[in-house]
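Below you'll find the structure, written out as structure tokens, and then a few comments.
A short reminder: the numbers here are calculations on the coordinates, not readings from a lab. Just so we're clear, the structure is a prediction, and the values are computed from it rather than from any experiment. Neighbour counts run over all protein chains shown; Cβ positions are idealised from the backbone, glycine included.
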Amino acid sequence: MRCPSCGKENPAAVKCCDACGAALPARCANCDFENPPQFRFCGQCGTRLLGPAAEPAPFERLRPREPERRQITVMFCDLVGSTALSARLDPEELREVVRHYQTLCAAIVSRHEGHIAQYLGDGIMVYFGYPVAHEDDARRAVRAGLDIVAEMQSLRARQNESLAVRVSLHTGLVVIGEMGVGDKRELLALGTAPNIAARLQTLAAPNTVVISSATHHLVQGFFKLQSQGTQLLKGLNAPLAVYRVLYESGAHTRLEAAMLSGLTPLVGKDREMQELLTAWQRVITGEPQAVLVNGEAGIGKSRLLLAFKQSLAGTPHVWLEAQGSPYYQNSALHPLIEVLQRLLDFCRDDTAERRITKLEDWLRQQEQPVAEALPLFATLLAVPLADDYVAPNLNPQRLKQKTLEAWQAILLQMAQQQPVVFAVEDLHWADPSTLAMLESMLHMPAPARLLLLLTSRPEFVPGWHGHARVTQINLNRLTQEQIETMVAQVTGDKILPAPVLKQIVTKTDGIPLFVEELTRMVLESGLLREGGRRFELIGPLPPLAIPATLQDWLMARLDRLAPVKEVAQLAAAIGREFSYELINAVDLVEERTLRQGLAQLASAGLLQPQTGAGSRSVTYAFKHALIQEAAYQSLLKSRRQQYHQRIAQTLVEKFYDTACEQPELLAHHYTEAGLYDTAIAYWQWAGEKAIQRSAHPEAIGHLSKGLELLQLLPENAQHDQLEVELLTYLGVAMTASQGYTSPEVGKIYSRARTLCERLNQTPRLASAMLGLWKAALVRGDLRQAHALAQECMLLAETKQDLELLLTAHLTLGVSAASAGELLTAQEHLREAIHLYLPSDHHTDIYDYGEDPGVVALIYLAHVSWMLGYPDQALKYSEEALQLAQKLAHPFTLAIALHFTAGTHELRRERHLMHARAEALIALAEEQGFPFWRACGEIQKGILLFEQGRQQEAIGMIDRAIASLQAGGAQIGEAGGKAQRALAYGKTGRLQEGLALIDEALALTRSGGERQDEAEQWRIKGELYRLHPTRAPEENERQAEACFQQALALARKQQAKSWELRAAMSLSRLWQTQGRSGAAHDLLSGIYGWFTEGFDTADLQEAKTLLAELADAG
């Protein structure tokens, strides 16, 4: 049998040509008609074809039995005017016309590897993407449609009838599998895709192809398309954009198609580009070179070549390019034919004579012997020879050899004039003759300014590996930083929300194609809205779906391994990573089949073994997250639920340690199994464990998922109980990550309180009340905080509940301290410490968010200092820090560090304050506590100021306060303003300082914190003393009034330490006025009251000042 590709005569029994490897036609035993290799029935007479050439295509042998979910492109092809035809023709004649039409369509569909699902009278429904997917199914479908329209012309001529067709296509998600009963079974796709494809057909003019917007999205750039506007189809709620396909654009790759709409700049390939430029420099000197760029699909091979091509734009050279194609793997020298057709500028409408003329002119330009070379190239290009030329009388092998020698001679001639780049992409799809041609070109004699630029996927192993002239560049995946750079290029430098960017980074695995397509899908998804230089989420972020542009590519990889796809699907249900021990224990696949399946998936590059192969402890990981998702999404929902339930049961029964360590795994599997009651319990457990590890973002995710599932259950007492538990822990996690005053935190605790009161549940009520109280306190709403604390005490006394009583004393103590009621605060805080038992309340950290014993101690430390007991303050502060360190609870430790730093600030122990503030900032950064980081920066700023770095200090403090206020925190605002006012005064900004201290006092008077009100008045007095005006007497009068007010307030609150500072300020003023005696009497009275703390800076300064006043008196 003669090979249609190279002309070689082959024995009758063989399937493929032994010269070029092309598939041979299938000869019909009945009518001797030569059919395409894929045909199972003769296209001429309908007889079933026998022999090797008539074996079913691989996808027919591997037809899956189980229904699947997948994306397909559905084609409808309908014979126009069949009713009129049936009225004009005899039924037997009509049958022949329809049969020939169906035969023509079947041949074209088979050529493009589609699947005819149904013959519907004079219509045909075809699936592309099932039973076997290809990387370009939508493009195959459109090409098939164009071919059917084109080849109907020859059928019209043969039948002598005016025949026309309408072709329509739509791409979408379907569930596909066997339907029917008994012997009446067929493979059918259910979903909207077939219906839309059928409706579109009514919009097509005779002998045209129309496609939907979904298919347009996948093929744009590869075809010339004409918009038909939007059309409202029957059964659809929204209009659908429709396009007519005119012809192919000539683009062969995604990159060529994408160039029409603009390319994303190359990212992360600087080293590889330099290697190409180095090879180019060798070529320029006359040394032939070959560079093989190797990498997985989507890694950027074509993009790198294009960037290199663009870099040569200003350099004289010839660029020739061709590409291996899955359509022409058995077509000898197809890439060379492609190059020659471009060089010769062959057009569709060229006659044979015109093509011969172009060939003659080109050969003369290349200084080649036309009489010898033209027949060789004409034969290769299937151009009929004119009478002036003699066809070469050579066997096929010798003919091919002579043709390649002539081609190499032309390349050498070109390279003498200027350097030549011969780029051949996708060698993994190249035919054997092309590979042999490229290998022979490696041996071309030097000098020859020729660069062979080749690309392939990892599965391709060249025969010339290790050749001296060959450089292999292996492309690596993008780093996270490079992914983020690429995302920014796609978004136009607009910032995506962090959760969206995280999903893109995780799911794309550093594959540039995946990054670009997933980012574009997100931008078109309706999930985001633009806001200035960033995007914002409109609502909750769901898991990002696989872009339609990647669906076919991913399914094609799985379908190539159809016999073991079930193993891949089961593995995908387990997760991105899984152990052999677990997947075998699930016991849904026979062990031998499982081992073989895993080995095949690993060999194909879909799975990566993580430990020693062959060991029972081996673990696997999907090489791409999107491959895992594609395998998983192809499962029916009912099968997914079965898998997940079985996996969860296996984890509980046989991997209990894993289940205990990672309850979120069981939560996930029970959720997907639809067992929501059990799933909620595990989500709560996972949230609790995450809080214990201070993994608060993870805890929020787990607990929110539990609450989401809870909405699917009926409302009753059990429902309320579960919600309270989840809300309690969620409040703790949200407080740690978002701050006390986050609106979400308030909603959580308000809801929890309502439910606790409905359930009459005291323990969780204490947590809810505490959460609401903390929000009010930090928000600066002391009245609300005090009211909540009193309500808590009333409930505790009514219910006689010690847990609630501890909370009541703690909240009343802190509220009283903030209000300046120091003795009351001291009483409540001491009672809280008395009720606190570390052994009982250790676990309460995770209910309350922080340890109540630590909180009581640190506030008691500050109250003790204000009451005039500096040493007791230090003792309580150190006890609090030691307890926090022992508990090893980061959030509690952050509180302890902040307040112990505050104690050292009050005692004016700057070096200790600095150590605690730095430790707090480091801890807050590590654990993600924005509130406490800002607090630490304020304390650090105070120290920087005292070191003389005033501008740096003020900037740091201002930024930290702005951060706190942005989160709704107002606690300490008045005191902070007072400290900044003093700083402004010391740097000469007295007017700003006075304005700021007045703001602080106004805040205090309006219901703010009053514990340091006396200090605020003292600071205002000091500002007046610093003010350089022409009326010093007035300044002194104002300063004295402020100091007297500070003294009065301190005495009223019995705040002896504030009284001492106010007395020292007033005594210094009187000293300058010559009233040393009165100053001594004032200061000695308060100094004499103290019984401890004489080594602190305040008391030492007071002692020194008293001595000065005594000497002056």
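Net charge near Leu795: determine it from the other residues with C-beta under 15 Å of the C-beta of Leu795, scoring Lys and Arg +1 and Asp and Glu -1.
Charge balance near Leu795 sits at -1.
Residue by residue through region 1045-1055, what is 3J(HN,Hα) from phi via Karplus (6.51 cos²θ - 1.76 cosθ + 1.60, θ = phi - 60°)? Round to whole Hz and write x for glycine and proline.
5, 4, 4, 5, 5, 4, 5, 4, 8, 6, 8
Choose one of Ala690, Pro890, Gln947: the residue whose Cα lies farthest towards the positive end of the charge dipole of the chain (beta-carbon charges +1 Lys, Arg; -1 Asp, Glu; about the Cα centre).
Ala690
For the chain, what is the mean residue ellipticity at 222 nm derived from helices alone (per DSSP H run of n ≥ 4: -39500 (n - 2.57); sum divided by total residues; nearest 500 deg cm²/dmol)?
When only DSSP H runs of four or more count, the value is -18500 deg cm²/dmol.
Which residues' amide hydrogens lie under 5 Å from the amide hydrogen of Ala241, considering only partners 5 or more residues apart or on another chain, with H built in the peptide plane?
Long-range HN contacts for Ala241: Ser213, Gln231.
Stokes-Einstein at 37 °C, 0.692 mPa s, Kirkwood radius from Cα pairs: D for region 480-537 in µm² s⁻¹?
Working: Rh = 11.1 Å.
The calculation lands on 296 µm²/s.
Counting Lys and Arg as +1 and Asp and Glu as -1, each charge on the Cβ, what is the dipole of the chain about the Cα centre in debye, to the nearest 20?
1880 debye
Taking H placed 1.01 Å from N in the peptide plane, check which residues at least 5 places from Arg1010 or on another chain put their amide H under 5 Å from its amide H.
Residues meeting the criterion, in which the H sits 1.01 Å from N, are Ala819, Gly820.
Identify, among Leu85, Phe422, Ile700, the residue whose Cα sits farthest towards the positive end of the charge dipole of the chain, taking +1 on the Cβ of Lys and Arg and -1 on the Cβ of Asp and Glu, with the dipole about the Cα centre.
Of the listed residues, the answer is Leu85.
Nearest-5 percent of antiparallel DSSP beta bridges in the chain?
Numbers: 56 of 84 bridges.
Of those bridges, close to 65 percent are antiparallel.
From the C-alpha gyration tensor of region 561-648, pull out the three semi-axes of the equivalent ellipsoid (sqrt of 5λ each), sorted largest to smallest, in whole Å.
After scaling each eigenvalue by five and taking roots: 18, 15, 12 Å.
Rounded to whole Å, give me the distance from the Cα center of region 108-162 to that of region 528-574.
29 Å
In degrees between 0 and 90, to the nearest 10, how far off the longest principal axis of the chain does helix 192-201 point, with axes built from Cα atoms?
Helix 192-201 and the main axis of the chain meet at about 50 degrees.
Could you give each residue of region 67-84 its phi-based ³J(HN,Hα) in whole Hz, using Karplus coefficients 6.51, -1.76, 1.60 with θ = phi - 60°, and x for Gly or Pro?
Residue by residue, region 67-84 yields x, 9, 9, 6, 8, 9, 9, 9, 10, 10, 10, 10, 7, 6, x, 5, 5, 5 Hz.
Structure shown: which of Lys358/Lys400; Lys875/Lys1056; Lys774/Lys1020 lie over 24 Å apart, alpha-carbon to alpha-carbon?
Lys774/Lys1020
For a quick check: sort Leu1069, Leu277 by the number of other beta carbons within 10 angstrom, fewest at the front.
Fewest-to-most Cβ neighbours within 10 Å comes out as Leu277, Leu1069.
Count charges around Glu999 for me, please; just the other residues with Cβ under 13 Å from its Cβ, Lys/Arg as +1, Asp/Glu as -1.
+1
Cβ neighbours within 10 Å, averaged per peptide: list 116-126, 461-471, 573-583, 1058-1068 in order, most packed at the top.
Sorting 116-126, 461-471, 573-583, 1058-1068 by mean packing, highest first, produces 1058-1068, 573-583, 116-126, 461-471.
If you plug each phi of region 936-951 into the Karplus form 6.51 cos²θ - 1.76 cosθ + 1.60 with θ = phi - 60°, what whole-Hz ³J(HN,Hα) values come out, in order, with x for Gly and Pro?
Listing the rounded values in order: x, 5, 4, 5, 5, x, 4, 5, 4, 4, 6, 8, x, 9, 5, 5 Hz.
Cα convex hull of region 164-312: how many Å³ per residue?
With only Cα atoms used, region 164-312 gives 210 Å³ per residue.
Report, in degrees rounded to the nearest 10, the 0 to 90 angle that the Cα long axis of helix 512-524 makes with the longest principal axis of the chain.
Helix 512-524 and the main axis of the chain meet at about 70 degrees.
Under a 5 Å amide H to amide H cut-off, with H placed in plane at 1.01 Å, what residues pair with Glu248 once short-range neighbours are removed?
Amide H neighbours of Glu248: Lys224.
Within a 10 angstrom radius of the beta carbon, how do Trp773, Trp319 rank from fewest other beta carbons to most?
Ordered from fewest to most neighbouring Cβ atoms within 10 Å, Trp773, Trp319 come out as Trp319, Trp773.
Identify all aspartates and glutamates with a Cα-Cα distance to Lys224 below 16 Å; exclude those on the same chain that are fewer than 8 residues away in sequence.
Cross-link targets: Asp147, Glu248, Glu256.
Go through Ile546, Pro375, Gly324 and say which Cα lies farthest out towards the positive end of the charge dipole of the chain; charges sit on Cβ, +1 for Lys and Arg, -1 for Asp and Glu.
Positive-most Cα among the choices belongs to Pro375.
In whole angstrom, note down how far apart the Cα centers of region 408-425 and region 926-996 are.
Cα centroid to Cα centroid, the span is 71 Å.
Please determine, in degrees from 0 to 90 and to the nearest 10, the orientation of helix 498-508 with respect to the longest principal axis defined by the Cα atoms of the chain, where the helix direction is its Cα long axis.
Orientation of helix 498-508: about 30 degrees from the principal axis.
Arranged by the count of other C-beta atoms within 10 angstrom, fewest first, what order do Arg1037, Arg477 take?
Arg1037, Arg477
If you scale each eigenvalue of the Cα gyration tensor by 5 and take the root, what three semi-axes come out for region 662-721, rounded to whole angstrom and sorted largest first?
Those come to 19, 13, 8 Å.
If you add up the charges near Arg282, with Lys and Arg at +1 and Asp and Glu at -1, over every other residue whose beta carbon is less than 13 angstrom from its beta carbon, what do you get?
Computed value for this residue: 0.
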